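One structure is given here, and the rest of the page talks about it.
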Amino acid sequence: MGVLFVFFSFGFAGEPSLWNQWRGPNRDGIYLGNSFPTNLAKESLQLSWKANLGPSYSGPIVSDQLVFTTETKNKESEVVHAYDRKTGKEIWATEWKGAMSVPFFAGSNGSWIRATPAFDGECLYVAGIKDVLVCLNAMDGKEKWRIDFVDQFKTPVPSFGFVSSPLIDGDAIYVQAGASVFKLNKKNGTVIWRSFKDSGGMNGSAFASPLMTTLGGQKQLLIQSREKLAGLNPENGDVLWSKVVPNFRGMNIFTPVVVGDTIFASTYQNKSWLYKISKNDSGFAVNEAWENKLQGYMSTPVVINGFAYMHLQNQRFTCVDLSNGETKWTSPKSFGKYWSLIAYKNRILALDQKGILYLIEANPNEFKILETREITENESWAHLAISGDQIFIRDLKTLSVFQWKN
């Protein structure tokens, strides 16, 4: 492992406008800042700086003064970078050996680092593609601890890599790795519990990312494996309930969406469902509230005022009323293979895999694109990030930072 850094003194703030993990502060794609772009014109949304990098699927992570990103370098190693978010100056870079090739039928999308890191104000937790979790000091990039799940637990290397993004809650970090769900002490990487084991390799190892929520009046870790939704007791890992979600070859990919005591799920070549979670004297019950023929895929939807806005397997965009499963509209045209979505009030920013940024009105009565701009010439499979008056775009070749002026 190599480390290159320049000392940089900065404070970490727990501001809700910072982008500290997969899909933002609450893991729901909702921006909690005080303003949002009103248009995407070059005069209003200006490029501040750009860094050239190797490929990555990891979304940028943003502190009050730094932005972190990852790359796979020369098909041999993984690198984590920290940049001054205002100037683009590299503050540190940490590198370790770690690369693999995914199965040939997924190879067109590349064999590079996949999961988005998590940041707790002091440390950055990075999931390497070969099923390793590395804790770095966010100040200087020095490694504090690591856990190699394949080596320590003798589990198969996940065929598609470590895809699921780490989740921080209190003094613990939760990961779907090592053909299981783990709760770790975030200070030293010690395993607190291991639960919900699967076969790993080709048919196990989660694609979706976990989240902490409350269902039926009880706090629980919500996870989606390749075949099941489940709620785990975060204290001990006990399975509170589980539900098989119909799937095609275990392609349950997007992060489950929680609205009240319900969970919205949608899977490749299947359907969409809303599940109601309730608690009674004998435990938890899972009931299907409705199903809809719409087929989601990789893109996790955002929910605004009870309506889910979702990019579909057929590459169209749709709006679903979560109260009854009614499809309000579906876009007449198709787009790229993947969208990452961030919502603010009645606006949605959507970054298309083709490098197009859309500003969309969140209106259940009609599909309305307000602004369109080619934001990068390269494909982008990483989730975009927003913090303050900046937008962070990680494409396959660069990290670009834009500043907006409304």
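Please work out how much length the chain gains when fully extended from F248 to E361, using 0.36 nm per residue of separation minus the C-alpha to C-alpha distance, in nm with one decimal. Intermediate values should be presented prior to the final figure.
Details: separation 113, 0.36 × 113 = 40.68 nm, distance 3.24 nm.
Result for the pair: 37.4 nm of gain on full extension.
Which distance in nm do the two modelled labels at K219 and Q269 give, with both placed 7 Å along the Cα-to-Cβ direction?
Placing both labels 7 Å beyond Cα along the Cβ direction yields 4.0 nm.
What's the exposure ranking of W193, W112, going from fewest to most Cβ atoms within 10 Å?
W193, W112
Estimate the FRET efficiency between S199 and E90 by the formula 1/(1 + (r/R0)^6), using the beta-carbon distance for r and 35 Å for R0, to the nearest 0.05.
0.30
Please compute the volume of the convex hull spanned by the alpha-carbon atoms of segment 102-255 and report it per residue in Å³.
Output value, Cα hull per residue: 107 Å³.
Mind giving me the nanometre distance, one decimal, between the label points for S334 and K354, set 7 Å out from Cα along Cα→Cβ?
Rounded to a tenth, the inter-label distance reads 1.1 nm.
With r defined as the distance between the Cβ atoms of D148 and S108 and R0 fixed at 25 Å, what FRET efficiency is calculated, to the nearest 0.05? Before the final figure, lay out the partial values.
Working: r = 28 Å, r/R0 = 1.13.
Result of the calculation: an efficiency of 0.30.
Could you please rank I173, I168, placing first whichever residue has the fewest other Cβ atoms within 10 Å of its Cβ?
Going from sparsest to densest Cβ surroundings: I168, I173.
Taking the Cβ of L294 as the center, what net charge do the other residues with Cβ under 10 Å away carry, scoring Lys and Arg +1 and Asp and Glu -1?
Working: positive: K271, K293, R316; negative: E291.
With Lys, Arg at +1 and Asp, Glu at -1, the net is +2.
Whole-Å semi-axes of segment 249-406's equivalent ellipsoid, largest first, each the root of 5 times a Cα gyration tensor eigenvalue?
Working from the Cα gyration tensor, I get semi-axes of 29, 16, 16 Å.
Taking the chain as a Gaussian network, Cα atoms linked when under 10 Å apart, which of E379, E71, E122 shows the biggest mean-square fluctuation?
Checking each option, the largest mean-square fluctuation is seen for E122.
Divide the volume of the convex hull of the Cα atoms of segment 329-406 by its number of residues and quote the answer in cubic angstrom per residue.
93
With a 10 Å cut-off between alpha carbons and a GNM built on the chain, which of V79, V259, V67 moves the most?
V259
Got the relative contact order for the chain handy, in percent, Cα pairs under 8 Å and 6 or more residues apart?
On the way: 1114 pairs, mean separation 60.8, N = 406.
Once divided by the residue count of the chain, the mean separation gives 15 percent.
Mind checking the dipole of segment 71-211: about its Cα centre, +1 per Lys or Arg Cβ, -1 per Asp or Glu Cβ, Debye to the nearest 20? Kindly include the intermediate steps, with their values, before the conclusion.
On the way: 17 positive and 16 negative charges, 26 e Å.
About 120 debye.
Could you compute the FRET efficiency for D140 and N74, with r as their C-beta to C-beta distance and R0 at 30 Å, rounded to 0.05?
Efficiency computed from Cβ-Cβ geometry: 0.80.
How compact is segment 213-259 by the rule of thumb for globular proteins, expressed as Cα Rg over 2.2 N^0.38 Å?
1.16
Just how large is the dipole of segment 260-382 about the Cα centre, in debye to the nearest 20, putting +1 at every Lys and Arg Cβ and -1 at every Asp and Glu Cβ? Write out the running numbers ahead of the final one.
Working: 13 positive and 13 negative charges, 25 e Å.
Value, rounded to 20: 120 debye.
Please rank M298, M202, fewest neighbouring Cβ atoms within 10 Å first, as an exposure proxy. Write down the numbers at each step before the final one.
On the way: M298 18, M202 14.
By the 10 Å Cβ count, ascending, the order reads M202, M298.
What nm distance separates the two modelled labels at N378 and T327, each placed 7 Å from Cα along Cα→Cβ?
Label-label distance for N378 and T327, simple model: 3.6 nm.
Using a Gaussian network model on the chain with a 10 Å cutoff between Cα atoms, which of S242, S380, S63 fluctuates the most?
Comparing S242, S380, S63 in a Gaussian network model of the chain, the most mobile one is S242.
How many angstrom lie between the Cα centre of segment 318-387 and the Cα centre of segment 146-193?
32
Only the coordinates and a few stated rules stand behind these numbers; no lab work does. Being a predicted model, the structure only gives us computed values, none of them experimental. Cβ coordinates were reconstructed from backbone atoms using ideal geometry, including for glycine residues, and neighbour counts include every protein chain displayed.
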